[in-house]
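Written below as structure tokens is the structure these notes are about.
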Amino acid sequence: MPGPMDAPQPVDVVLPCLDEAAALPALLGAMPLGYRPIVVDNGSTDATAEVAAAFGATVIHEPRRGFGAAAHAGLCAATAEIVAFCDGDGSFDPLDLDRVCEPIRTGTADLVLGRRRPTAPRAWPLHARLANAYLAGSLRRRTGAALHDLGPLRAARRTDLLALGLQDRRSGYPLEMVLRAARSGWRIAEVDVSYHPRVGRSKVTGTARGTMIAISDMSRLLRERAS
């Protein structure tokens, strides 16, 4: 019979959230065994924090608005050796976490990103998809990493991530992570993950304004790293 030593090492899953009370029950209810959700409430006006706590998640409050601020607060609160990041809007299937984390567990990669495969046309708006393709292409040319998506579902080792010294606290945080990882010689991999229509209204890439803000933040980082 398998014993405790045979169980996979736990993974802390950072979920930056802003008004995601409607999406969290299904997301947290489907979290696989061994994956410990850390919900970072980034100033929600709904019951995000209460719903997360009711489902057993660790709840962190980050008053500074911004994806990077919330994501980094979750990273700093994590204690597991491996940390994953996932949107809290129900667009990702928690069962894909195993696929993303396995190369980290086995030591075949240092950073793994989930390449989004939409399950429906409305899962990924065209303007957001085009912006992602542009940024991913720029990243490939600058780093040589064979990436096609800068998706937020990703995993790495906690101590390694902290050592990167990430500074961006806005939409550029995911890109800065890849840029610094590539510069540090990390092995960066990509695996396919399913991508579903989000629950509720998007605050970032689901809107044209949010997409433009993300492009501006990430383009600035690319220019800074090129100079």
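Some points to look at:
- Each residue in region 176-191 was checked for being more than 25 Å from Pro118 (Cβ to Cβ) and either part of a loop (DSSP other than H, G, I, E, B) or among the small types (Gly, Ala, Ser) (or both), and 6 of them qualify.
- Qualifying positions in region 1-28 - surrounded by fewer than 19 Cβ atoms within 10 Å (Cβ to Cβ), in contact with a helix residue (DSSP H, G or I) (Cβ under 9 Å, 6 or more places away or on another chain) and at pLDDT 95 or above: Ala22, Pro25
- Pairs, first free of Cβ contacts under 8 Å to residues at least 60 places away in the same chain and within 15 Å of Ala23 (Cβ to Cβ) in region 49-61, second surrounded by 19 or more Cβ atoms within 10 Å (Cβ to Cβ) and of a type in the set (Asp, Glu), C-beta under 6 Å, six or more apart: Ala49/Asp41
- Residue in region 121-144 that is under 15 Å from the mean Cα position of the chain (by Cα) and under 15 Å from Glu176 (Cβ atoms) present: no
- The selection criterion, being free of Cβ contacts under 8 Å to residues at least 12 places away in the same chain, within 19 Å of Arg36 (Cβ to Cβ) and acidic (Asp, Glu), does not hold for Glu81.
- Thr106 passes every criterion in (1) in contact with a helix residue (DSSP H, G or I) (Cβ under 6 Å, 6 or more places away or on another chain); (2) farther than 26 Å from Thr48 by Cα apart from (1).
- Arg198 being over 14 Å from the mean Cα position of the chain (by Cα), at pLDDT below 95, closer than 28 Å to Leu24 by Cβ and surrounded by fewer than 17 Cβ atoms within 10 Å (Cβ to Cβ): no
The values are calculated or read from the model by the stated rules, or taken from the named source; none is laboratory data. This is a predicted model, so every value here is computed, not measured. Neighbour counts are summed over all protein chains in view; Cβ atoms, including those assigned to glycine, are modelled from backbone coordinates with ideal geometry.
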